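Undergrad: Sharing a structure, written as structure tokens. Questions coming.
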Amino acid sequence: MPPHGGRRRPAPRPQRPAPNTCSWAAAHYRPHQVYSLDWLRAVVSDDECDQDATADALTLLTAILHTRLARRLTTVVDATSSSVANRAWLLALAAEHGVPAVAVVVTAPLDVCLARQAARPGPAPGRRWGRAVPITYVDNHPLDRPRTCGCGCGGVVAGARQFLPGHDQRAIHERISEQWGSAMGFIRWFDDTYRQPAERPQG
């Protein structure tokens, strides 16, 4: 009998992890707040690895996001989204519903990524896709490759940047000065070379 004649409390129900989500999302958010693209592939095709099911999984994800964001509910999308284009539609969707959006970028050295890729199992019998990430994600990933500033200064830029802050403008002005002497010299050359006489400013 429960102590003090009280009613027996039900045993707490264990929290199940969100389906096939990364450990970071599972540790910080409730299961129903996290939507993994792999899990949604499994929902529509019975195979979380089936890349051919991605379009259908994205259709389902879009419907879920519209519904939850309309209620202003915290929602986490667990997907690779390694390119700007892959993230742009998520940002647009958040803006449409007037809610903030935050990107959480999880990085690892390239050799670690390649080692994990090599260890992922291949397709199961009768399946086309395995757990390996499509190799274009690795080949095109810019974050682990150190690159130098496009102005030629030798400084290292991070992420998708091409220039250190302000160095793009400095590079343009330096090259204009070298070739045409001044910004006005460049404008006169451009107008003489590319503008028709009727388009040129008078005076």
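Readers should treat all values here as calculations from the given coordinates under stated rules, not as data from a laboratory. All values reported here derive from a predicted model rather than from experimental measurement. Cβ: placed from backbone, ideal geometry, glycine included. Neighbour counts: every protein chain shown.
Undergrad: Expressed in nm to one decimal, what extension gain is obtained for the pair ALA92 and ASP46 from 0.36 nm per residue of sequence separation less their Cα-Cα distance?
TA: On the way: separation 46, 0.36 × 46 = 16.56 nm, distance 2.95 nm.
That pair, ALA92 and ASP46, stretches by 13.6 nm at full extension.
Undergrad: For segment 183-190, take each phi angle, set θ = phi - 60°, evaluate the Karplus expression 6.51 cos²θ - 1.76 cosθ + 1.60, and give the result in whole Hz per residue in order, putting x for glycine and proline.
TA: Along segment 183-190, the couplings run 4, 5, x, 5, 4, 5, 4, 4 Hz.
Undergrad: Oh, and also: Name the residues whose placed amide hydrogens come within less than 5 Å of the amide hydrogen of SER81, ignoring near sequence neighbours (fewer than 5 apart) on the same chain.
TA: Here the answer is none, since no amide H 5 or more places off falls under 5 Å of that of SER81.
Undergrad: Here's something else I'd like to know. Can you tell me the dipole magnitude for segment 147-199 around its Cα centre, using point charges on the Cβ only (Lys, Arg +1; Asp, Glu -1), in Debye to the nearest 20? Don't jump to the answer; show the numbers that get you there.
TA: Details: 6 positive and 6 negative charges, 54 e Å.
Charge dipole of segment 147-199: 260 debye, to the nearest 20.
Undergrad: Out of residues 5 or more away from THR148 or on other chains, whose amide H comes under 5 Å of its own, with H placed 1.01 Å from N in the peptide plane?
TA: Placed amide hydrogens put VAL157 under 5 Å from THR148.
Undergrad: At q = 0.13, 0.17, 0.19, 0.28 Å⁻¹, what log₁₀ I(q)/I(0) does segment 147-199 have when each alpha carbon counts as one equal point scatterer in the Debye sum?
TA: -0.45, -0.63, -0.69, -0.96
Undergrad: Still on this model: Amide H of SER36: which non-local residues (sequence gap of 5 or more, or other chain) have their own amide H closer than 5 Å, using H built in the peptide plane?
TA: ASP78
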